[in-house]
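Chemist: Structure provided below as structure tokens; questions to follow.
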Amino acid sequence: MKTFLLRFSLALMAALLFSQCASNPQSRIERNPQLFTQLSARDRQLVTSGVIREGMTRNAVFLAWGRPDRVSVGSSRGKEVEAWTYLGERPVRTFNMNMGFGYGGFGYGGWGPYGYGGFPYMGGGPSVMYVPYTAGVVEFSKGRVTRWMATPR
């Protein structure tokens with residue numbers, strides 16, 4: 001019973017933590033109202049929709065798209081540039097065929113169709129794995145967006 005409560009508590013804390021990680025423009029605006037009020041009326045409207053444009057500030061892009069997964073700095077035509085990269089994950093369906101040694105067909109130490117012990121088993125079937133991809137890149141020069149690219153949503 002104690003292990004069940006411990007596992008349940010850990011699962012609940014993990015769920016709460018991950019739910020805090022997922023954010024959208026509205027939640028970022030609510031957490032950063034001072035940044036939102038500093039934007040022009042046009043940029044406030046775009047940010048609320050999660051849209052960016054050339055000329056926006058870093059704060060506007062943060063409110064619209066969130067924190068970047070990667071930040072790079074460099075030079076282009078003698079000017080210092082900064083690039084924010086946003087990553088996404090796409091589901092890819094696969095079919096696995098597994099073979100190994102296990103302890104019964106119904107979990108560790110259980111009694112399965114092959115009895116109790118380390119008998120070979122075969123398993124597999126459809127599964128899903130998530131493949132990362134570059135969802136968007138935003139380039140800044142002097143703190144303003146000079147170029148951006150995003151995959152269609």
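Chemist: Given (1) farther than 13 Å from Val137 by Cα; (2) assigned to a loop (DSSP other than H, G, I, E, B); (3) of a type outside the set (S, T, N, Q); (4) modelled with pLDDT of 95 or more, where does Arg53 come up short, assuming only one miss?
Modeler: (1)
Chemist: Kindly evaluate Gln45 against the criterion of being surrounded by 12 or more Cβ atoms within 10 Å (Cβ to Cβ) and in a helix (DSSP H, G or I).
Modeler: So Gln45 does not fit the description; no.
Chemist: Across region 63-88, what is the total count of residues that are over 15 Å from the mean Cα position of the chain (by Cα) and outside any strand (DSSP E or B)?
Modeler: Of the residues in region 63-88, 4 are over 15 Å from the mean Cα position of the chain (by Cα) and outside any strand (DSSP E or B).
The values are calculated or read from the model by the stated rules, or taken from the named source; none is laboratory data. Since the structure is predicted, the reported quantities are computational estimates derived from the model, not experimental observations. Positions of Cβ are generated from backbone atoms using ideal geometry, with glycine treated the same way; all protein chains shown enter the neighbour counts.
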